[in-house]
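Okay, so here's the structure we're looking at.
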Amino acid sequence: MNYFQRFIVKPDSRINLQDSDPDYKDQHKSKKEALKIIEHNNLRLRELQELLYAEHKQSLLICLQAIDTGGKDGTINHVLSAMNPQGCRVACFKKPTSLELDHDFLWRAHRDAPAKGEVVIFNRSHYEDVLVVRIHNLVPKAIWRERYAQINAMEKYLSENKIHILKFYLHISKDEQLKRFKQRLDDPSKHWKISMADYSDREHWDEYKKAFEDMLSKCSTSYAPWFIIPANHKWFRDLAISQIIREHLEGLNMKYPPPSVDIKQIYKQYFKAKKHFS
Ligand code: ADP
């Protein structure tokens, strides 16, 4: 199954998240079966990332957005950790610092955009400025309403500068979120992740849904598409995301750069050195 086409949000379409099933798992019967495919994708991702790094011409920006417990950390852990840390980096978008607030809202996103050859994962992203900011009225509507077009303009600019952008919305159901909150409560090693805001934000579930729908409808473009990933089954989420990134990188037709030295000459040097030691 081509998950790229299956889960992409077509530009200019109007999204209603009710139409996307968070429980979807395609024809895969079990986690065990999926793990084999994820492992295969991850091995391939590592090769492709090395090629991107060696080629040093273009780069990849991956944005992850979800409601609390949606699985951003898990995705980074299971899929994106397959990549070599040399050439891959995670940028977390927390409550803006005073320095960040003194700049335009896209400043911190541009600052953390990938350099040539690099993969950068945004754990949350500049989209928080049309999500949490909108829901909690942190700026007037007249301001956040303009931001969709401003985001599209920045992403277009980045893509014109050879930064490929893939954006994943991890779609879980309200029941699944409650189940995950309970799992966190029952696991002392997860207690550090719990915050009161998680529970109070649950009261805003419908407003978040609307804000996510607007984000997906207004900001999925040919140069920076959104994907709605069914994420109630963590293993299916990992499978779909690893597959989409793999397919995208494979389509780039990357090539190792030619050697900067004359390899025949280097062979000669090598045999000379070997003879000297034998
Ligand atoms: P996470 O939940 O991603 O693991 P945190 O618990 O540190 O990480 O949460 C980061 C918090 O920062 C979230 O509540 C998020 O909504 C908030 N945040 C991110 N960007 C902004 C922003 N631009 N304005 C206000 N709050 C923001």
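The numbers here are math on the coordinates, done by the rules we state, and not lab data. Keep in mind the model is a prediction, meaning the values are calculated, not measured. For neighbour counting, all protein chains shown are included, and Cβ atoms are generated from backbone atoms with ideal geometry for every residue, glycine included.
So which residues in the stretch 112-144 are more than 14 Å from the ligand (Cβ to nearest atom) and part of a helix (DSSP H, G or I), if there are any at all?
The answer is 141, 142.
What number of residues within the stretch 60-111 satisfy the criterion of being in a loop (DSSP other than H, G, I, E, B), of a type outside the set (A, V, I, L, M), within 14 Å of the ligand (Cβ to nearest atom) and at negative phi?
The total comes to 11.
Pairs needed: first member in the stretch 104-124, basic (Lys, Arg); second member anywhere, in a strand (DSSP E or B); C-beta distance under 7 Å; at least 6 residues apart or different chains.
Pairs that qualify, where the first residue is basic (Lys, Arg) and the partner is in a strand (DSSP E or B), are 116/59; 124/65; 124/92.
For the list (1) away from the ligand (no atom under 16 Å from the Cβ); (2) more than 19 Å from the chain's Cα centre (by Cα); (3) loosely packed, with under 15 Cβ neighbours inside 10 Å, I need the number of the one condition that residue 55 fails.
Going through (1) away from the ligand (no atom under 16 Å from the Cβ); (2) more than 19 Å from the chain's Cα centre (by Cα); (3) loosely packed, with under 15 Cβ neighbours inside 10 Å one by one, residue 55 breaks only (3).
Could you list, ordered by first residue, the pairs with Cβ atoms under 7 Å in which the first is in the stretch 83-99 and more than 24 Å from residue 138 (Cβ to Cβ) and the second is acidic (Asp, Glu), at least 6 apart or interchain?
Note: pairs meeting the criteria are 84/50; 87/118; 89/118.
Within the stretch 16-73, count every residue that is farther than 23 Å from residue 88 by Cβ and either aromatic (Phe, Trp, Tyr) or in contact with a Gly (Cβ under 7 Å, 6 or more places away or on another chain) (or both).
The qualifying residues number 1.
Collect the residues in the stretch 190-227 that are away from the ligand (no atom under 15 Å from the Cβ) and among the hydroxyl-bearing types (Ser, Thr, Tyr), keeping them in residue-number order.
Selection gives 217, 220, 221, 222, 223.
Quick check on the stretch 85-124: of everything there that is exposed (fewer than 12 other Cβ atoms within 10 Å of the Cβ) and closer than 14 Å to residue 59 by Cα, which residue is nearest to the chain's Cα centre (by Cα)?
Only one residue fits best here, namely 115.
Scan the stretch 34-49 and give yes if some residue there is charged (D, E, K, R) and assigned to a loop (DSSP other than H, G, I, E, B), otherwise no. Talk me through it step by step, then tell me what you get.
Looking only at the stretch 34-49, we keep the residues that are charged (D, E, K, R), and these are 36, 39, 44, 46-47.
Narrowing the set further to residues that are assigned to a loop (DSSP other than H, G, I, E, B) leaves none.
Looking through the stretch 34-49, none of the residues is charged (D, E, K, R) and assigned to a loop (DSSP other than H, G, I, E, B).
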